Amino acid sequence: MGFKDYCFRKSLWVFHFGGASCNNCDIEILDCLTPRHDLERFGILLVGSIRHADVLLVNGSINMRDKDRLLELYHQAPKPLLVVAIGACGCTGGIFAEGMTFAGPVDKIIPVDAYIPGCPPKPEAIIAGIVKLAGKK
Amino acid sequence: MSRKTLIPIGPYHPLQEEPELFKLYCDGEIVTDIKWETGYNHRGIEKLSESKSYDQVFFLVERICGICSTSHPFAFANAVEEIVAVEITDRAKYIRSIIGELERIHSHLLWVGLAGHFLGYNTVFMWAWKYREPVLDLFEMITGNRNSYAMFKVGGVRRDIENSKIPAIRKEIAVIRKKIDLLTGAVMDDPVIHARTKGVGILTRQDIIDYGAVGPTARASGVDIDVRRDDPYAAYPLVNWKVITAQAGDVFAKAEVRLLEMYESASIIEQCIDALEKMKEGDITLKINEIPEGLGTGRAEAPRGEVFHFVVSDGSNSPARHKIRAPSYTNIATFKKSCIGQTIADATLSLAAVDPCYCCTERMAAAYDNSSGKKILNANELIALSLKRTSELRKSGTGHE
Ligand code: SF4
């Protein structure tokens with residue numbers, strides 16, 4: 001078992017960064033925590049500070065104002081860190097990619113480990129993505 | 001001289017339409033001034049809209065806000081249909097209203113949950129979000145997606161609601177109604193919720209008029225406005241319903257208005273599906289060959305208030321200018337009135353009351369000492385303050401357990 005696997009062996013703590021999004025992805029992420037889907041049964045917990053997080057979820061297109069803040073968060077995070085881009089916006093910029101303030105997509109700014117496409121992805125898809133990522137050796 | 005403290009809340013509240021940075025200036029525990037900054041969520045939608053065809057703009061405007069993803073297409077359709085000067089078929093009108101009202105139920109439930117979370121009632125949060133799921137299931141059944149429904153187009157709707165699905169919809173609505181009963185009972189009867197929300201964040205009738213607030217925020221202060229009645233569109237003039245108002249203008253009144261509005265929405269949906277059942281399937285869209293030159297305005301009542309779209313057409317296949325005004329834009333200005341003079345714990349609640357979505361503030365909020373720039377309170381401590389207040393109230397016997 002490598003060092004990285006060792007770090008991600010137990011409960012993953014997740015920090016959620018919402019860029020210039022339409023909120024749907026954010027809501028579906030929160031929805032994962034509520035009784036129907038209940039992510040916490042996998043030990044996955046949403047935390048309030050990036051310094052406690054193992055996973056950084058990024059959704060929404062990243063505009064010029066968000067870009068520096070995202071970078072700063074990435075630098076503040078303890079490594080190793082898994083970065084997950086959620087939704088069409090997170091993966092490619094989606095419908096906002098031609099916008100005048102667009103500065104992304106996420107993978108141009110920080111390295112991304114997993115992409116969960118969809119607009120918005122269903123909570124099931126988000127859970128499947130994170131579980132797959134956690135199980136990857 | 002007393003020491004002034006600056007508490008920034010934000011900039012990222014992903015559950016709001018517009019992520020913003022609020023700066024609360026505090027003297028001790030009392031908020032003395034509030035300022036806000038916007039732009040963190042700027043995506044250039046109005047400009048983007050000019051590069052898309054009328055059919056594509058619908059997909060764009062429904063992505064302005066995920067929670068109101070029907071209100072914007074609604075207003076845009078009203079605006080374009082004003083330019084073309086067509087009246088859509090009755091079946092399309094009913095379908096539009098059904099989607100609009102389902103959205104209102106899901107949005108209000110979401111707000112009730114988040115308000116509960118802010119009060120330290122995570123049970124309410126979990127319940128409300130659990131009971132939101134049947135609404136989303138209905139959406140998935142009718143439109144094929146849980147959010148962002150892509151139902152609207154110029155001249156009608158994209159998909160029909162088959163008559164064979166109507167009994168299932170009726171059954172679901174009955175279930176949802178029961179859940180709303182349960183939730184309303186739990187919120188309305190709880191003495192601690194009364195103690196935390198009554199008399200907090202009061203907006204008088206005059207404040208609402210001065211700031212031009214709209215939607216449930218205005219209706220909770222006795223201002224009787226609702227676009228659905230005042231400037232009728234879709235099927236709203238064809239069904240029976242009433243505009244809910246309250247007089248007190250505090251957080252409790254806002255909760256009351258929203259909870260009671262959900263019943264009206266449920267009743268509108270029931271009347272609409274009854275009407276659909278009697279109609280022939282398939283008559284849902286008109287053929288629109290071209291969009292002539294002209295100006296059009298469209299209004300719609302979103303869960304949070306009036307959405308306004310203004311479209312200029314030059315006869316080509318994309319808008320020459322598209323102006324959008326969302327309800328939160330005016331509602332947010334009322335913070336100047338509702339928060340000043342409150343304690344910090346109550347101010348966060350008043351903020352949450354005006355705009356339904358205020359869940360994620362805690363992640364980035366922190367309090368700084370203005371003179372030294374040292375951090376004194378972080379987000380979790382702020383939330384903890386609010387929680388502490390609730391538990392104190394509980395202990396002091398305001399709540400009987
Ligand atoms: S991917 Fe779609 S649902 Fe998610 S933030 Fe972007 S537009 Fe909204």
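The values are calculated or read from the model by the stated rules, or taken from the named source; none is laboratory data. Keep in mind that what you see is a predicted model, and the values were worked out from it rather than measured. Counting neighbours? That spans all protein chains shown, and the Cβs are built from the backbone with ideal geometry, glycine included. Heavy atoms of the whole protein, side chains included, go into the accessibility calculation; ligands, DNA and RNA do not. Shrake-Rupley method; radii C 1.70, N 1.55, O 1.52, S 1.80 Å.
For the stretch A:42-85, name all the residues that are within 12 Å of A:Val106 (Cα to Cα) and in a loop (DSSP other than H, G, I, E, B).
A:Gly60, A:Ile62
Residue by residue, here is whether (1) in contact with a Pro (Cβ under 8 Å, 6 or more places away or on another chain); (2) under 23 Å from B:Ala150 (Cα atoms); (3) modelled with pLDDT of 80 or more; (4) part of a loop (DSSP other than H, G, I, E, B) holds:
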| residue | (1), (2), (3), (4) |
| --- | --- |
| A:Asp5 | no, no, no, no |
| A:Ser11 | no, no, yes, yes |
| A:Phe15 | no, no, yes, no |
| A:Ile27 | yes, yes, yes, no |
| A:Asp31 | yes, yes, yes, no |
| A:Arg36 | yes, no, yes, yes |
| A:Glu40 | no, no, yes, no |
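With B:Phe118, B:Phe125, B:Phe139 as the choices, which residue is in contact with a His (Cβ under 9 Å, 6 or more places away or on another chain), of a type outside the set (Gly, Ala, Ser) and away from the ligand (no atom under 16 Å from the Cβ)?
Details: B:Phe118 fails: in contact with a His (Cβ under 9 Å, 6 or more places away or on another chain); B:Phe139 fails: away from the ligand (no atom under 16 Å from the Cβ).
None of the other options fit; the residue is B:Phe125.
Tell me yes or no: at least one residue of the stretch B:174-189 is surrounded by fewer than 20 Cβ atoms within 10 Å (Cβ to Cβ), within 23 Å of B:Ser69 (Cα to Cα) and at pLDDT 90 or above.
Yes, there is a match, as at least one residue in the stretch B:174-189 is surrounded by fewer than 20 Cβ atoms within 10 Å (Cβ to Cβ), within 23 Å of B:Ser69 (Cα to Cα) and at pLDDT 90 or above.
For A:Ile130, work out the one condition from (1) under 12 Å from the mean Cα position of the chain (by Cα); (2) more than 16 Å from A:His16 (Cβ to Cβ) it doesn't fulfil.
Of (1) under 12 Å from the mean Cα position of the chain (by Cα); (2) more than 16 Å from A:His16 (Cβ to Cβ), only one is false for A:Ile130: (2).
Name every residue in the stretch A:73-89 that is modelled with pLDDT of 90 or more and within 12 Å of the ligand (Cβ to nearest atom), in order of residue number.
Result: A:Ala85, A:Ile86, A:Gly87, A:Ala88.
If a residue has to be open to solvent by less than 30 Å² (accessible area, probe 1.4 Å), touching a strand residue (DSSP E or B) at 6+ places or on another chain (Cβ under 7 Å) and more than 14 Å from chain B (Cβ to nearest Cβ) to count, how many in the stretch A:78-111 make the cut?
Residues meeting the conditions: 8.
Here is a check on your reading of the model: is B:Arg104 more than 12 Å from chain A (Cβ to nearest Cβ), in a helix (DSSP H, G or I) and closer than 30 Å to B:Phe252 by Cβ?
Numbers: more than 12 Å from chain A (Cβ to nearest Cβ): yes; in a helix (DSSP H, G or I): yes; closer than 30 Å to B:Phe252 by Cβ: yes.
Criteria met by B:Arg104.
Residue check: is B:Asp207 open to solvent by less than 30 Å² (accessible area, probe 1.4 Å) and either assigned by TED's automatic domain parsing to the domain that holds B:Asn122 or closer than 21 Å to B:Gly305 by Cβ (or both)? Let's see the steps before the verdict.
Details: open to solvent by less than 30 Å² (accessible area, probe 1.4 Å): yes; either assigned by TED's automatic domain parsing to the domain that holds B:Asn122 or closer than 21 Å to B:Gly305 by Cβ (or both): yes.
So B:Asp207 passes the test.
So which residues in the stretch A:62-72 are at pLDDT 85 or above and either within 16 Å of the ligand (Cβ to nearest atom) or within 10 Å of chain B (Cβ to nearest Cβ) (or both)?
Residues satisfying the conditions are A:Ile62, A:Leu70.
Would you point out the residue of the stretch A:11-27, among those that are open to solvent by less than 10 Å² (accessible area, probe 1.4 Å) and in contact with a Ser or Thr (Cβ under 8 Å, 6 or more places away or on another chain), that is nearest to the other protein chains (Cβ to nearest Cβ)?
A:Asn24
Table: residues versus (1) touching an Asp or Glu at 6+ places or on another chain (Cβ under 6 Å); (2) over 23 Å from B:Thr285 (Cα atoms).
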residue: B:Asp33; (1), (2): no, yes
residue: B:Asn41; (1), (2): yes, yes
residue: B:Leu60; (1), (2): no, no
residue: B:Ile67; (1), (2): no, yes
residue: B:Pro73; (1), (2): yes, no
residue: B:Ala85; (1), (2): no, no
residue: B:Ala92; (1), (2): no, no
residue: B:Phe118; (1), (2): no, yes
residue: B:Arg132; (1), (2): no, yes
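Which residues, counting only those in the stretch B:144-172, are assigned to a helix (DSSP H, G or I) and among the β-branched types (Val, Ile, Thr)? Break it down stepwise before answering.
As a first pass, look at the stretch B:144-172 and keep what is assigned to a helix (DSSP H, G or I): B:163-172.
Selection gives B:Ile166, B:Ile169.
Would you call B:Arg132 at the interface with another protein chain (Cβ under 9 Å from one of its Cβ atoms), buried (at least 24 other Cβ atoms within 10 Å of the Cβ) and more than 19 Å from the chain's Cα centre (by Cα)? Steps first, please.
Numbers: at the interface with another protein chain (Cβ under 9 Å from one of its Cβ atoms): yes; buried (at least 24 other Cβ atoms within 10 Å of the Cβ): yes; more than 19 Å from the chain's Cα centre (by Cα): no.
Answer is no for this residue.
Pick from the stretch A:1-22 the residues that are over 15 Å from A:Leu81 (Cβ atoms) and among the hydrophobic types (A, V, I, L, M, F, W, C): which of them is farthest from the ligand (Cβ to nearest atom)?
A:Met1
Looking at (1) at the interface with another protein chain (Cβ under 9 Å from one of its Cβ atoms); (2) open to solvent by 10 Å² or more (accessible area, probe 1.4 Å); (3) away from the ligand (no atom under 16 Å from the Cβ), which is the only condition A:Leu30 fails?
Unmet for A:Leu30, out of (1) at the interface with another protein chain (Cβ under 9 Å from one of its Cβ atoms); (2) open to solvent by 10 Å² or more (accessible area, probe 1.4 Å); (3) away from the ligand (no atom under 16 Å from the Cβ): (3).
Out of the residues in the stretch B:70-96 that are part of a helix (DSSP H, G or I) and small (Gly, Ala, Ser), which is nearest to the other protein chains (Cβ to nearest Cβ)? Spell out the reasoning first.
Just the residues of the stretch B:70-96 that are part of a helix (DSSP H, G or I), to begin with: B:71-84, B:90-96.
Restricting the remaining residues to those that are small (Gly, Ala, Ser) gives B:71, B:75, B:77, B:79, B:92.
On the way: B:Ser71: 13, B:Ala75: 16, B:Ala77: 18, B:Ala79: 20, B:Ala92: 24 Å.
Residue satisfying both the conditions and the ranking: B:Ser71.
Condition first: assigned by TED's automatic domain parsing to the domain that holds B:Pro303, more than 19 Å from A:Asn23 (Cα to Cα) and touching a Leu at 6+ places or on another chain (Cβ under 7 Å). Can you find one or more residues in the stretch B:147-160 that meet it?
Yes, the stretch B:147-160 contains a residue that is assigned by TED's automatic domain parsing to the domain that holds B:Pro303, more than 19 Å from A:Asn23 (Cα to Cα) and touching a Leu at 6+ places or on another chain (Cβ under 7 Å).
Looking at the stretch B:57-69, is at least one residue of a type in the set (Ser, Thr, Tyr) and either in a helix (DSSP H, G or I) or away from chain A (no Cβ under 11 Å) (or both)? So that I can check it myself, show each step before the final result.
First, the residues of the stretch B:57-69 that are of a type in the set (Ser, Thr, Tyr): B:69.
Among the residues that remain, those that are also either in a helix (DSSP H, G or I) or away from chain A (no Cβ under 11 Å) (or both) are: none.
No: zero hits.
Tell me yes or no: at least one residue of the stretch A:122-133 is crowded, with 19+ Cβ neighbours inside 10 Å and within 11 Å of chain B (Cβ to nearest Cβ).
yes
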